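The block underneath contains the structure these notes are about, expressed in structure tokens.
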Amino acid sequence: MNDLFISIEYNNREFDGIEDFKSSLSENYHHQIRPKWIPACSEGAEFWITVFVNTGIADFIKGAIAGGLVWDLIKFGGKKYVFTPLYKALEKLNKDNSKNWGGLKVLKYKLQFDDCVIQIGGVNKNFTSIFSTVFNEIAKRKPEFENEIGQEVIKIELPIEFMEHFENVNEQFSLDIYNEDYSIKAFKNLWRVTFSTEFPIMIYSFTEKKLFEPKEMSDKLKTPTNNV
């Protein structure tokens, strides 16, 4: 048994393979899985997951990079974190739900560290490659963000979609929970970054390679000639 704790909610009506998934988790993790009522207009196989990692994110990243970002075993301070069985079980769950519901829909995948939250929307497959890329980028970008703003980063959300029709610029940027692009590029477009005082909340553009306040980012995205 490793030192991760996993909390999961799932669509309580339209879901296949949940009992097999529970059994596979029981072999490797302390966990809590419970059904969640959602409206009948849902697409089916919706899923929300929180993984609690009882260490600071910087120490976790050091251990992950030392282990080659393969997620088989991340060790730090006497603790062991193993993600591979979870990712394999999620890949199987995606296949189990493909016929009736078009595959698994992980609307929110949250990694809760002692000092930071990483929240990822719409990651339904290719878990190992996506998370390896994301954490490699976090290792590089998080110190840069903190040096620029002078505060610690307490939350990173990705991928972020831009919805121009909202008048409030802060509401124009939201977690893309229905992302259907599982390429690495989709997760390296826009990130929303929250700092320790919860102000400012910034948008990071991989195209521009810099942080923007939401209003400035919104103005850029509204310009037809800009490809951010």
**Message:** Using a 1.4 Å probe on the protein heavy atoms, what percent of the accessible area of the chain belongs to carbon and sulfur?
**Reply:** 48 percent
**Request:** Could you calculate the contour length gain from GLU19 to PHE166, that is, 0.36 nm times the residue separation minus the distance between their Cα atoms, to one decimal place in nm?
**Result:** 48.8 nm
**Item:** ASP114 versus THR133: modelled label distance in nm, points set 7 Å from Cα along the beta carbon direction
**Value:** 3.1 nm
**Request:** Mind checking the full-extension length gain between ASP219 and SER7? Use 0.36 nm per residue of separation minus the Cα-Cα distance, one decimal, nm.
**Result:** 72.5 nm
**Complete:** If the label point sits 7 Å along Cα→Cβ of THR197, residues of the range 133-164 with amide N under 20 Å come out as 143-156
**Prompt:** Out of [x] 49, 46, 28; [y] 52, 45, 32; [z] 141, 40, 26, which label holds the value of Cα extents along the principal axes in Å that was computed here?
**Reply:** [x]
**Request:** Mind putting a number on the dipole of the range 98-157 about its Cα centre? Charges go on the C-beta only, +1 for Lys and Arg and -1 for Asp and Glu, and I need it in Debye to the nearest 20.
**Result:** 600 debye
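What translational D, rounded to a whole number of µm²/s, comes out for the range 95-144 from Stokes-Einstein when the hydrodynamic radius is the Kirkwood one over Cα pairs, at 4 °C and 1.567 mPa s?
Answer from the Stokes-Einstein relation: 103 µm²/s.
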**Complete:** Violations at 22 Å Cα threshold for listed pairs LYS88/LYS108; LYS105/LYS185; LYS80/LYS209; LYS105/LYS220 -> LYS80/LYS209; LYS105/LYS220
**Per residue accessible area in Å² of the range 23-132, where ligands, DNA and RNA are left out and the probe is 1.4 Å** = 45 Å²
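Per-residue counts of other Cβ atoms within 10 Å, averaged by peptide: what ranking do you get for 21-33, 188-200, highest first? The partial results should precede the final answer.
Values: 21-33: 15.0, 188-200: 16.9.
In descending order of packing, they fall as 188-200, 21-33.
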**Asked** Under a no-solvent Debye model with one identical scatterer per Cα of the range 75-163, what's log10 I(q)/I(0) at q = 0.17, 0.18 Å⁻¹?
**Response** -0.88, -0.96
**Request:** Express in nm, to one decimal, how much length is gained between ILE33 and ILE154 on full extension, taking 0.36 nm for each residue of separation and deducting their alpha carbon distance.
**Result:** 40.9 nm
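The values are calculated or read from the model by the stated rules, or taken from the named source; none is laboratory data. Every value quoted in this text rests on a predicted model; they were computed, and no experiment measured them. Here the Cβ is made from the backbone with ideal geometry for all residues, glycine too, and neighbour counts use every protein chain on show. For the accessible areas, the whole protein counts, side chains as well, though only heavy atoms, and no ligand, DNA or RNA atoms are used. Shrake-Rupley method; radii C 1.70, N 1.55, O 1.52, S 1.80 Å.
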